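A.B. asks: My questions all concern the structure below.
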Amino acid sequence: MTDIDQLKKKVDEYYGEMKYKEIADCLEAHKNSDDVGLLWRLARANYELQKSLSSDSARLEALQGTFSVVERALTIDSEDPNAHKWMAIYMNAITKIQGSKAQIEKGQAIKEHMLRACELGSEDPTNWHLIGMWEFTVADISWVMRKLATVVYGEPPKATFEEALEHFNKAEEMADGFSQQSAGQGLEWPIRSRNLLMIAKCHQKLKDNASAIKYLQMVMERDAKHSEDQEAKTEAASLLKSLR
């Protein structure tokens with residue numbers, strides 16, 4: 001095993017332990033590396049770290065500060081699924097803070113990176129979850145807001161709740177056999193609770209409350225091993241009350 005491989009193994013173990021600061025400290029010196037695996041791992045750690053910042057301006061500065069790392073990864077290897085995945089994640093997070101105009105202008109490019117990640121890394125459930133999230137968000141834009149956006153910014157991207165549900169279900173199928181290379185062998189997919197919640201929300205939007213309740217109960221029955229789990233359980237509990 002090379003020194004680089006050992007470093008990747010070390011930071012993957014840290015990621016499984018949610019030691020994001022330690023990962024960033026280990027990889028900061030490699031931000032100009034030509035190894036795509038080191039670059040997207042640094043981007044992944046910095047993405048987790050920016051979540052704890054107290055303001056949108058601070059998060060935007062942090063995201064933009066790491067964006068060049070993601071760009072470098074994609075420039076080095078345009079066929080790497082993780083490079084496309086993290087480009088989509090960073091673009092989506094940045095435009096979400098910047099507002100509707102940026103989201104509409106960059107929407108198609110974000111979708112293309114997500115689709116490319118799915119094409120190149122079809123075994124990774126996160127890729128399917130991300131495209132589902134994008135489709136759900138776009139489908140959830142109200143008719144009035146869509147018309148207003150068309151007048152002010154141009155035609156927004158289009159998607160349906162059926163498309164989102166299809167991709168969330170695909171992610172769920174892949175999760176059963178998923179060995180998460182980025183977080184060490186044998187660890188469960190950390191956003192599975194969130195994915196189950198989104199399946200429930202799609203069913204609710206499609207007026208299938210019985211199926212929505214079924215998936216919400218699945219979320220509630222899961223152990224809260226990650227912050228994502230607890231957030232999903234809190235939202236699921238609230239949604240269950242409204243459906244019963």
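Quick note: the coordinates plus some simple rules give every number you see, no bench work behind them. This structure is a prediction, so every number in the text was calculated from the model and none was measured. Ideal geometry is used to build each Cβ from the backbone, glycine not excepted, and the neighbour counts take in all protein chains shown.
A.B. asks: Based on alpha-carbon positions alone, could you give the equivalent ellipsoid semi-axes of the chain from the gyration tensor, as √(5λ), descending, whole Å?
C.D. replies: The equivalent ellipsoid of the chain has semi-axes of 30, 23, 16 Å.
A.B. asks: Continuing with the same structure: Enumerate the helices in the chain for which the Kyte-Doolittle hydropathy averages 0.0 or more and the C-alpha atoms extend at least 27 Å along the helix's axis, using complete DSSP H runs. Each step should come with its number before you reach the end.
C.D. replies: Values: long enough: 56-76 (30 Å, 0.29); 100-120 (29 Å, -0.56).
Long hydrophobic helices here: 56-76.
A.B. asks: Among 82, 68, 93, which residue has its Cα furthest toward the positive end of the charge dipole of the chain, with +1 on Lys/Arg Cβ and -1 on Asp/Glu Cβ?
C.D. replies: 93
A.B. asks: Run the dipole for the chain about the Cα centre, Lys and Arg Cβ at +1, Asp and Glu Cβ at -1, nothing else charged, and hand back the magnitude in debye, nearest 20. List each step's numbers first, then the result.
C.D. replies: Working: 32 positive and 39 negative charges, 222 e Å.
It comes to approximately 1060 debye.
A.B. asks: I've got another one for you. Of 96/201; 8/106; 111/241; 170/205; 19/205, which sit over 29 Å apart, Cα to Cα?
C.D. replies: On the way: 96/201 21 Å; 8/106 31 Å; 111/241 33 Å; 170/205 18 Å; 19/205 37 Å.
Flagged as over cut-off: 8/106; 111/241; 19/205.
A.B. asks: Starting from the eigenvalues of the Cα gyration tensor, five times each then square-rooted, give me the equivalent ellipsoid semi-axes of the stretch 60-184, largest first, whole Å.
C.D. replies: Working: eigenvalues 128, 78, 23 Å².
Semi-axes (√(5λ), whole Å): 25, 20, 11.
A.B. asks: On each of the three principal axes of the Cα atoms of the stretch 191-244, give max minus min coordinate, whole Å, ordered largest first.
C.D. replies: Projected onto its principal axes, the Cα set of the stretch 191-244 covers 30, 18, 13 Å.
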